[in-house]
Amino acid sequence: MFKTFIDDLNAVMERDPAVRTKIEAFFCYPGIHALIFYRISHFFYKIRLFFIARMISQLGRFFTGIEIHPGAIIGKGLFIDHGMGVVIGETAEVGDNVTIYQGVTLGGTGKDTGKRHPTIYNNVTIGSGAKILGPITVRENSKIGAGAVVVRCVPPNTTAVGVPAHTEQKKNRNMEVDLNHTDIPDPILDRIHELEERIIDLEKVIYKQSKIS
């Protein structure tokens with residue numbers, strides 16, 4: 001648990017330009033506090049002391065504004081930036097070196113039992129206010145745009161934007177964590193621009209044909 005905590009702390013140092021020291025990160029970052037509460041509650045959850053686990057989880061929610069169910073599975077190096085309003089459900093799984101911004105929900109879609117929350121693979125960035133719902137997967141090195149609502153699986157090296165989210169393969173498959181979750185391609189807008197250009201070309205052809213006749 002201590003090694004994982006060090007990885008979480010290092011994630012803050014690597015990905016937040018505002019932080020100056022590890023002491024500042026430890027005392028002033030609610031994402032770190034939420035992960036400490038989670039890892040303690042998860043320990044009790046694994047030994048089936050569910051009530052104690054939930055009590056610790058709710059205490060963490062009270063102090064940080066971040067709700068992580070003790071049954072969730074979270075890897076090392078998770079960076080929760082700001083964090084207010086983040087919700088991670090019971091059967092959610094989060095891989096290594098994932099970045100989550102404020103207002104993100106890894107939630108379910110109803111009263112289903114069993115696996116009902118998303119699985120997030122390594123090196124994924126999830127933008128502010130994004131909602132990832134249901135037992136779907138977001139594969140490695142993908143990026144979810146701010147405000148996106150994701151209800152279908154996202155392939156690796158892909159961006160997802162919109163409501164509901166549409167995906168587009170990333171041209172640069174950089175293995176490093178990419179924190180930019182606003183300046184990303186919009187496949188729907190790109191398609192609209194293509195159609196506009198096609199309409200202009202067709203209008204030119206029709207105009208030339210009318211001049212000839």
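The values are calculated or read from the model by the stated rules, or taken from the named source; none is laboratory data. Since this is a predicted model, take the numbers as computed values, not measurements. Every residue, glycine among them, receives a Cβ derived from its backbone with ideal geometry; neighbour counts consider all protein chains shown.
When each of Leu106, Leu35 is tested for being under 29 Å from Val151 (Cβ atoms), among the aliphatic types (A, V, I, L, M) and assigned to a strand (DSSP E or B), the lone residue that passes is Leu106. Considered as a group, the residues in segment 115-140 that are in contact with a strand residue (DSSP E or B) (Cβ under 8 Å, 6 or more places away or on another chain) and of a type in the set (S, T, N, Q) include one that is surrounded by the fewest Cβ atoms within 10 Å (Cβ to Cβ), and that residue is Thr137. Report whether or not Phe43 is surrounded by fewer than 16 Cβ atoms within 10 Å (Cβ to Cβ) and among the aromatic types (Phe, Trp, Tyr). Yes.
When segment 65-97 is filtered for residues that are assigned to a strand (DSSP E or B) and either over 18 Å from Thr137 (Cα atoms) or not hydrophobic (A, V, I, L, M, F, W, C) (or both), the ones remaining, listed by number, are Glu67, Ile68, Phe79, Ile80, Glu93.
Each residue in segment 123-150 was checked for being in contact with a Gly (Cβ under 6 Å, 6 or more places away or on another chain) and in a strand (DSSP E or B), and 2 pass. Of the set (1) in a loop (DSSP other than H, G, I, E, B); (2) in contact with a strand residue (DSSP E or B) (Cβ under 7 Å, 6 or more places away or on another chain); (3) at pLDDT below 85, all apply to Lys111 but (2).
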